[in-house]
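Visitor: Got a structure here, written out as structure tokens. Questions coming.
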Amino acid sequence: MNTDACHHRSVRAGRLVTLMLILQRRGRVTAAQLAVELEVSQRTILRDIDELSAAGVPVYAVRGPGGGFQLLEGFSHSLPDPTDWKPKPRRAGPARRATIRISPHGRRLAAVLGLLQPLRLDRTVQPDDNGWLQGTFRLATIDAAAIDVLSLSPDVEVLAPAALRSEIAGRLRRATDLYHHDGG
């Protein structure tokens, strides 16, 4: 992603938060007033209102004289006051990551389903003859990672950590035991 796109997203995100805070503090505000204050067009304000609404912020329009946009009464955002913000202490050591091999089909599925995210492919390791690549993903918990990996099975193989490999093997053994009997 280029720097301009990142900057644009950052500006837009900041504008959306500011818009929400203005509505919370002042109650009903017209699109024209918001456009002047945020230095954008009224069309941009309407798109931003749609974006906030799609994100679950209960903003609605009041038509007619004295109309404008406002938040549903009693709505309170969960954003902290910026003056109270303090960075969270970091855990010692690097973030835990799992190392995997993944097929081209597995990569597409992982992207579409939002699994193994963020998936970082290691382009320094050459793909095998079938196009499998090596990569890593953030390991929040062994249980959650096992579910994600099994959802993509057989298009992914866990290389590390051993605890994740063991958890997946145990789940597969239990599944095999369930389906292995002859039914009679």
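The values are calculated or read from the model by the stated rules, or taken from the named source; none is laboratory data. Predicted model only: the values in this text are computed from it and were never measured. Here Cβ is always computed from backbone atoms with ideal geometry, including for glycine, and neighbour counts include all displayed protein chains.
Visitor: Tell me, please, whether a residue that is at pLDDT 85 or above, outside the structural domain of T141 (by TED's automatic domain parsing) and small (G, A, S) can be found in segment 33-50.
Guide: Checking segment 33-50: at least one residue is at pLDDT 85 or above, outside the structural domain of T141 (by TED's automatic domain parsing) and small (G, A, S).
Visitor: Output the residue which, of all residues in segment 114-151 that are basic (K, R) and at pLDDT 90 or above, is nearest to S103 (Cα to Cα).
Guide: Of everything passing the filter in segment 114-151, R120 is nearest to S103 (Cα to Cα).
To keep it simple, each residue is scored yes or no on (1) within 21 Å of L133 (Cβ to Cβ); (2) buried (at least 16 other Cβ atoms within 10 Å of the Cβ); (3) not assigned by TED's automatic domain parsing to the domain that holds W132.
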residue	(1), (2), (3)
D148	yes, yes, no
S151	yes, no, no
L159	yes, no, no
L164	yes, yes, no
E167	no, yes, no
G170	no, no, no
R174	no, no, no
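Visitor: Residues that are charged (D, E, K, R), farther than 24 Å from R174 by Cα and part of a loop (DSSP other than H, G, I, E, B): does segment 96-114 have at least one?
Guide: Yes; the residues of segment 96-114 include at least one that is charged (D, E, K, R), farther than 24 Å from R174 by Cα and part of a loop (DSSP other than H, G, I, E, B).
Visitor: For the structure I just gave you, tell me whether V57 is in a loop (DSSP other than H, G, I, E, B), modelled with pLDDT under 90, surrounded by 15 or more Cβ atoms within 10 Å (Cβ to Cβ) and of a type outside the set (K, R).
Guide: Taking the combined requirement at face value, the residue satisfies it.
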